[in-house]
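Peer 1: Dumping the structure here so I can ask a few things about it.
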Amino acid sequence: MSETTSETDRTATTTAGESEERIRSEWTEYRTDKRTKIAVENLDVWYGDDHAIKDVSMDIPENSVTALIGPSGCGKSTFLRCLNRMNDRIKAARIEGSVELDGTEIYDPNANLVELRKRIGMVFQSPNPFPKSIRENISYGPRKHGDIEKGLLARLFGRDDTEEEAELVERSLRQAALWEEVNDRLDDNALGLSGGQQQRLCIARCLAVDPEVILMDEPASALDPIATAKIEDLVEELAEEYTVVIVTHNMQQAARISDQTAVFLTGGELVEYDDTDKIFENPESQRVEDYITGKFG
Amino acid sequence: MARARLDRRLEELHDAVRELATLALDQLRDALSALADCDPALAREVVDGDDRVNDQYLAVERLCIDVFALEQPVAGDLRTVAAAFKISTDLERVADLAGNLAERALDGCTPFAEVDLASLGARALAMLEDALDTYPEGEAWACHEIADRDTELDAMCAHAGDSVVRELITTGDGDTETLVADASAVLLAVRDVERVGDHAVNVAARTLYAAEGDPELIY
């Protein structure tokens, strides 16, 4: 477990300490059952003079859902964007520390960014489908990556992946729990879909390039309760095959869908990272307790 | 303050649990008095008074469900509501045990010389009072002390049970049916008192967990 604070506001008797030790040992056993997909070590991020992330270390287990929670401006979205180097696009951003994907440093100067973002996909707060057909939204990424080819040129060169594209579109839409709702209008413009459908299309688009990790930045914050429930069900299903890291302002959502939760507090500090049950039932840190029970923040 | 409504609901819940505690303690006190004094009228009051306890138990349950549904409590708040839910069940069962004791008083007093039921009852009652005194703050030393006292009470109840059996064996003469019925009544009363002690420990354990996050006495 990563714990970047040494605060202990609780007084515990020896017996209580032993009991906590037992619970912690059970948690460690659970965590060690899961292989680390992303290992973050001593990560610091500055935007100019603003120290947005302070010395954060955490291991993100594969095939699970990791929630990042905390008040506005605590750095959780900045941290998420560090995981696929989206902050590289911000000139004022300076990053120190290490982020390893399957043991390989993603901040290596020779790292292939296109390949990295294929392996670590991202879904944003507001659905952002391309102003194209539903089918083209799905096939755009694989075509750009050269995974599928179709059209006149492809036929001339003896390669026409039209059938393969159809399979990919169906598979991705099914994985995103959208196929049944759109299979009769794949050539309609994606902007005609509802907000919840657009967001699931964006997830399908992300899945189409066969990622290993999916980063989600408040993916349901603009959706109604039914669309939110569909996204939450989907996230749970995706975690069987993918590693999901999700930023959310909705603490009940974090409690419902995540396996482990990281709590960032003001100043870019990771205060506690533990099993979601532990965070929401009996957190170690009094600051985390105060935050999640609404006593501050 | 952002959580003023939740704080109001939690205070209302604490008040309701305290009211239930008062009712359950009164029932237990009266049942023990009825048993000690062979007072059938008081025993009847205890039996009839169980409905009030049940009503208050349901009121606590309703408040807990409201807080769960409307406030989605987490961390210390969650433990507090869960503890109130569990403690209210313990108190309702204490009142049921008081009812059992009162019914034995209605059946007539059957003192076995070796069994000081009044003393055992007083110990169990004091344990429950002290456990409820810790609610909701849950001072760790006080909660652990109640668990220690329960170990003593268990031993005393076991000894009392042995005494009844020994007296049955050694007192061979007399009406066997009456002797067996009296012995059964006393043994059941001892068991009821012993279980009051267990509920006192449960109250202390849940209070400690709610206040400190320390599950030691639960498991």
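Peer 1: If you take the residues in the range B:180-219 that are closer than 23 Å to B:GLN27 by Cα and free of Cβ contacts under 8 Å to residues at least 40 places away in the same chain, which one is nearest to the other protein chains (Cβ to nearest Cβ)?
Peer 2: Looking at the filtered set, the residue picked out is B:ARG191.
Peer 1: Separate question: Give the range B:168-219 a look and list any residue that's outside any loop (DSSP other than H, G, I, E, B), at pLDDT below 90 and acidic (Asp, Glu), or say none.
Peer 2: Passing the criteria: B:GLU177, B:ASP182.
Peer 1: Another question, then. Condition first: in contact with a Leu (Cβ under 9 Å, 6 or more places away or on another chain) and in a helix (DSSP H, G or I). Now tell me which residues in the range A:181-205 satisfy that.
Peer 2: Matches in the range A:181-205: A:GLU181, A:VAL182, A:ALA190, A:GLY195, A:GLY196, A:GLN197, A:GLN198, A:GLN199, A:ARG200, A:LEU201, A:ILE203, A:ALA204.
Peer 1: Moving on. Could you list all residues from the range B:171-219 that are crowded, with 23+ Cβ neighbours inside 10 Å and among the charged types (D, E, K, R)?
Peer 2: Within the range B:171-219, B:ASP192, B:ARG206, B:ASP214, B:GLU216 meet the criteria.
Peer 1: Have a look at B:CYS109, B:CYS143, B:CYS157 and point out the one that is over 12 Å from the mean Cα position of the chain (by Cα) and more than 20 Å from B:HIS199 (Cα to Cα).
Peer 2: So the residue among B:CYS109, B:CYS143, B:CYS157 that is over 12 Å from the mean Cα position of the chain (by Cα) and more than 20 Å from B:HIS199 (Cα to Cα) is B:CYS109.
Peer 1: A:TYR107 is checked against (1) of a type in the set (Ser, Thr, Tyr); (2) buried (at least 19 other Cβ atoms within 10 Å of the Cβ); (3) touching a Ser or Thr at 6+ places or on another chain (Cβ under 9 Å) and fails just one. What number does that condition carry?
Peer 2: If we test A:TYR107 against (1) of a type in the set (Ser, Thr, Tyr); (2) buried (at least 19 other Cβ atoms within 10 Å of the Cβ); (3) touching a Ser or Thr at 6+ places or on another chain (Cβ under 9 Å), just (2) comes out false.
Peer 1: Can you list the helices (runs of 4 or more DSSP H) lying wholly within the range A:114-178 that have 2 or more residues being at pLDDT 90 or above?
Peer 2: The qualifying helices (runs of 4 or more DSSP H) are A:134-144, A:162-175.
Peer 1: Further question: Of (1) within 12 Å of chain A (Cβ to nearest Cβ); (2) touching a residue at least 24 places away in the same chain (Cβ under 8 Å), B:LEU78 satisfies all except one. Which?
Peer 2: If we test B:LEU78 against (1) within 12 Å of chain A (Cβ to nearest Cβ); (2) touching a residue at least 24 places away in the same chain (Cβ under 8 Å), just (2) comes out false.
Each row is one residue, and each column tells you yes or no for (1) touching a strand residue (DSSP E or B) at 6+ places or on another chain (Cβ under 9 Å); (2) among the aromatic types (Phe, Trp, Tyr).
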{"residue": "A:GLY268", "(1), (2)": "yes, no"}
{"residue": "A:TYR273", "(1), (2)": "yes, yes"}
{"residue": "A:GLU281", "(1), (2)": "no, no"}
{"residue": "A:SER285", "(1), (2)": "yes, no"}
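Peer 1: Just checking, how many residues over the range A:86-113 are touching a residue at least 24 places away in the same chain (Cβ under 8 Å) and outside any loop (DSSP other than H, G, I, E, B)?
Peer 2: So the count comes out to 13.
Peer 1: Could you please let me know if A:ALA204 is at pLDDT 90 or above and of a type outside the set (Lys, Arg)?
Peer 2: For A:ALA204, the condition - at pLDDT 90 or above and of a type outside the set (Lys, Arg) - is met.
Peer 1: Please give the helices (runs of 4 or more DSSP H) falling wholly within the range A:219-297 in which 1 or more residues are touching a Lys or Arg at 6+ places or on another chain (Cβ under 9 Å), away from every other protein chain (no Cβ under 14 Å) and of a type outside the set (Val, Ile, Thr).
Peer 2: Helices (runs of 4 or more DSSP H) meeting the threshold: A:225-238.
Peer 1: Residue check: is B:ALA122 free of Cβ contacts under 8 Å to residues at least 24 places away in the same chain and under 14 Å from the mean Cα position of the chain (by Cα)?
Peer 2: Against the criterion (free of Cβ contacts under 8 Å to residues at least 24 places away in the same chain and under 14 Å from the mean Cα position of the chain (by Cα)), B:ALA122 does not qualify.
Peer 1: Give me the residue from the range A:137-181 that is acidic (Asp, Glu) and free of Cβ contacts under 8 Å to residues at least 12 places away in the same chain and, out of that set, nearest to A:GLY196 (Cα to Cα).
Peer 2: In this case the residue turns out to be A:GLU180.
Peer 1: While we're looking at this one, here's another question. Could you count how many residues in the range B:20-39 are touching a residue at least 40 places away in the same chain (Cβ under 8 Å) and surrounded by fewer than 16 Cβ atoms within 10 Å (Cβ to Cβ)?
Peer 2: 1
Peer 1: Quick one: would you say B:ASP66 is free of Cβ contacts under 8 Å to residues at least 24 places away in the same chain and either more than 14 Å from chain A (Cβ to nearest Cβ) or closer than 18 Å to B:PRO136 by Cβ (or both)?
Peer 2: no
Peer 1: Mind checking which residues of the range B:106-145 are part of a helix (DSSP H, G or I), touching an Asp or Glu at 6+ places or on another chain (Cβ under 7 Å) and either under 21 Å from B:LEU23 (Cα atoms) or away from every other protein chain (no Cβ under 14 Å) (or both)?
Peer 2: The answer is B:MET127, and nothing else.
Peer 1: Given the criteria in a helix (DSSP H, G or I), crowded, with 17+ Cβ neighbours inside 10 Å and over 11 Å from the mean Cα position of the chain (by Cα), does B:GLU103 qualify?
Peer 2: Yes; evaluated as a whole, the condition is true for this residue.
The values are calculated or read from the model by the stated rules, or taken from the named source; none is laboratory data. Remember, it's a predicted structure, so these values are computed and weren't measured experimentally. Heads up, the Cβs are rebuilt from the backbone with ideal geometry, glycines too, and the neighbour counts pull from every protein chain shown.
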